[in-house]
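The values are calculated or read from the model by the stated rules, or taken from the named source; none is laboratory data. What you are looking at is a predicted structure, and each value in this text was computed from that prediction instead of being measured. Glycine gets a Cβ as well: all are built from the backbone with ideal geometry, and neighbour counts include every protein chain shown. Keep in mind that these areas ignore ligands, DNA and RNA; they rest on the heavy atoms of the full protein, side chains included. Shrake-Rupley method; radii C 1.70, N 1.55, O 1.52, S 1.80 Å.
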Amino acid sequence: MPGANQSMDDKLLSLYAVCPPGLESVLFQELRGIGVYSTRTTEANLAVPIPVELGSGGIEFDGTLNDLYRANLHLRCASRILLRLGSFHASKFVELTRKTGNLDWQKYITNQHPLAFRVTAHRSRLYHSGAVAERIAAGIAERVGFQPVIEKYREDIHAAQLIVVRLLENECTISLDASGAPLHQRGYRQALAKAPLRETIAAGMLLASAWDQRSPLMDPFCGSGVIPIEGAWIAARIPPGYLRKFIFMDWPEYDAAAWNRLIDAVKNEIQTPAGAILGSDRDAGAVKMAAENAERAGAASWVNFSRRAVSDIEPSARRGWVVTNPPYGLRISRNQDLRNLYAQFGNVLRERCPGWQVAFLCNDDRLATQTGLIFREGISLVSGGLPIKLNRSVVPEKLT
């Protein structure tokens, strides 16, 4: 029955893909890669491209409900996908409640899920986050005809439907989280090494490194294996949302048939990675965790994990990419051993990986320069609240 579902799918929605700050340009290319198009067609039956707008910590774009599904399924750098439900002026609480009640909550809210609010207010008359959430909840109840259960928002619990409210100079924007658990939670990583790297950052590193997905990929500081596993998924064309569920699947207008079509299309595209994918670490426990995570990801046969120090790495004979997250301290003066480690890292690369592309994270330029590599313009990121930089270089050829 195309009826209601068809008109729903045709409607353009205002969407926002949140990402770790610094990865906006990578996420922009991802959106282009999956083709964020309107399903509205011209007389010539041509899809109309929908422009995207770069922003800080995310990208705004317009799309259909099907595009919202595809964004959650395919975007590797995005942290969550938000649906902009509405924006309006509100300088009084009565106005906030009334205008909230005019929004289409019945399409997304049920009495099966509690609601949680995340409210920010800047330079607005309505600045008390608890009172704002209370008045918005009242507006929702008027619209849907029942009193939703309200829970306190917690980063580590995702059973509730998150509602994101932003008040800026008395302009209120209300968004619904369409993802549920943050998108870095792919579903395969249960074992964590020390200072784990989020999957979104790992994927962003790989995409920013311009890895061609066919040449060898090596991570000599693999920890729990997230970079090699994300690399295996990229090369195998497995989307990051393949193993998990999303909160939008509980919305009243969720189209299960449309989602299943997306999953069927993915199944037909999965392939064996063409190049070797290597991960190593001197910590035996980390290597064990990495292997277990790869098994859960269905990538165990594609990634070769081994226990070895960086001085013992054995790269593939073919030139490839080194993408890694080596240890780094907050201050070089307190981590003299790290300077030696980075110098050794650079020496090993020059000796065993001439001509290879390199991308690694570091939070101190002076520490990164210990490798002796010459860097292209880096990408500044924030990971775990810590400013870091993705350093990119090409290992020089050996002189003959």
By how many degrees, between 0 and 90 and to the nearest 10, does the Cα long axis of helix 65-74 differ from the longest principal axis of the chain?
20
Size of electric dipole in the chain: Cβ of Lys, Arg +1 and of Asp, Glu -1, about Cα centre, debye, nearest 20:
780
Once every DSSP H run of n ≥ 4 in the chain is given -39500 (n - 2.57) and the sum is divided by its residues, what mean residue ellipticity at 222 nm do you get, rounded to the nearest 500 deg cm²/dmol?
-9500 deg cm²/dmol
Would you mind getting the accessible area per residue of the chain, heavy atoms of the protein chains only, 1.4 Å probe, in Å²?
47
antiparallel share of DSSP beta bridges within the chain, to nearest 5, in %, is 65
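So which GluC sites (Glu not before Pro) in region 166-236 end up in coil per DSSP with only 15 or fewer other C-beta atoms within 10 Å? Show your work: numbers first, answer last.
Details: sites: Glu169, Glu171, Glu199, Glu230; in loops: Glu169.
Loop-located and lightly packed - Glu169.
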For helix 284-296, what angle does its Cα long axis make with the longest principal axis of the chain, in degrees from 0 to 90 and rounded to 10?
50
Over all Cα pairs of region 51-197, how is the pair count split among 5 Å bins, expressed in % and running from 0 up to the last occupied bin?
2, 9, 17, 20, 19, 16, 10, 5, 2, 1
Nearest-5 percent of antiparallel DSSP beta bridges in region 62-192?
55
Choose one answer from Leu85, Leu162, Leu386: the residue with the largest mean-square fluctuation in a GNM of the chain with alpha-carbon springs under 10 Å.
Leu386
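Of all accessible surface on the chain at a 1.4 Å probe, what whole percent is carbon and sulfur?
Numbers: 9240 of 18860 Å².
Whole-percent figure for carbon plus sulfur exposure: 49.
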If you find the alpha carbon centre of region 67-83 and of region 211-256, how far apart are they in angstrom?
12
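When the Cα atoms of the chain are enclosed in a convex hull and the volume is divided per residue, what value in Å³ results?
On the way: hull volume 66.8 nm³, N = 400.
Per-residue hull volume (Cα only) is 167 Å³.
Could you list, in their original order, any pairs among Lys92/Lys245; Lys11/Lys245; Lys92/Lys152; Lys107/Lys245; Lys245/Lys389 whose Cα atoms are separated by more than 28 Å? Display every interim value, and only then the final one.
On the way: Lys92/Lys245 38 Å; Lys11/Lys245 24 Å; Lys92/Lys152 24 Å; Lys107/Lys245 19 Å; Lys245/Lys389 32 Å.
Checking Cα-Cα distances, Lys92/Lys245; Lys245/Lys389 exceed 28 Å.
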With everything on Cα atoms, drop me the angle between helix 24-34 and the longest principal axis of the chain, reported from 0 to 90° to the nearest 10.
80
Per 10 Å bin from zero, what fraction in whole % of the C-alpha pairs of region 217-276 is there, up to the bin with the longest pair?
19, 39, 26, 14, 2
